[in-house]
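These notes are about the structure you will find just below.
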Amino acid sequence: MLISFSILLLSLMSILIFYTYRCETRFAWRKIVWYGQNMPENWICMNGDNLQIHESTKAVFENKVYYFCSQQCFNHLAKHFKEVAMVADAFSGDSINKADAIIGLKTRNKQDVVYFKNKENFNRYYETKY
Ligand SMILES: [Zn+2]
């Protein structure tokens, strides 16, 4: 009786922990498995250039699609368009628009992202890292 009760309590607790930290757990998981992969842009903030715990919001600005974690981040891009929307390709250094870029994680297990002009630069960047 006591054993079954403690098993029940334990499983209940682990479910609770799982749901409470679900986002964090997934976030930790993505920081590892998405490294070296062309990651989905709807999980990053293009103002902060980092991976987000929660899915980011799509915003259209001057006919291009960007993703942000908050309204403030979008406003910041709109205000400082040249500094924020344009970025250097992490491999070649070419100036590119974040909306057109291929996105990858800069370092495994870190949330910073880097942008690439094309798949070739993307691949070559990670080749030098391995
Ligand atoms: Zn942001």
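Summary table
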{"read-out": "Chain lengthening between HIS54 and ARG108 when straightened (0.36 nm per residue, less Cα-Cα)", "value": "17.6 nm"}
{"read-out": "Entries of LYS31/LYS82; LYS58/LYS117; LYS82/LYS117 with Cα pairs more than 23 Å apart", "value": "LYS31/LYS82"}
{"read-out": "Footprinting exposure proxy for HIS54, HIS76 (fewest neighbouring C-beta atoms within 10 Å first)", "value": "HIS54, HIS76"}
{"read-out": "Residue-wise HN-Hα coupling along the range 54-61, computed from phi with Karplus coefficients 6.51, -1.76, 1.60 (Hz; x: Gly, Pro)", "value": "10, 4, 8, 9, 7, 9, 9, 9"}
{"read-out": "Once the Cα gyration tensor of the chain is diagonalised, semi-axes √(5λ) in Å", "value": "37, 19, 9"}
{"read-out": "Residue order, fewest to most beta carbons within 10 Å, for MET1, MET39, MET13, MET46", "value": "MET1, MET13, MET39, MET46"}
{"read-out": "Förster radius 30 Å - calculated FRET efficiency between ASN123 and MET86, Cβ distance, rounded to 0.05", "value": "0.85"}
{"read-out": "Total charge dipole magnitude, the chain, about the Cα centre, Cβ charges on Lys, Arg, Asp, Glu only, Debye to nearest 20", "value": "180 debye"}
{"read-out": "Vicinal HN-Hα couplings computed from phi for the range 119-129 (Karplus, 6.51 cos²θ - 1.76 cosθ + 1.60; Hz; Gly/Pro x)", "value": "5, 5, 4, 4, 4, 5, 4, 6, 4, 6, 8"}
{"read-out": "Extreme residue, positive dipole direction of the chain, given options PHE68, THR20, MET1 (C-beta unit charges)", "value": "MET1"}
{"read-out": "Partners for LYS129 among aspartates and glutamates (Cα-Cα distance below 19 Å; same-chain residues under 8 apart left out)", "value": "ASP89, ASP112, GLU120"}
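No lab work stands behind these numbers, since they all come straight from the coordinates. It should be emphasised that the depicted structure is a prediction, and the values quoted were computed from it without experimental measurement. Here the Cβ is made from the backbone with ideal geometry for all residues, glycine too, and neighbour counts use every protein chain on show.
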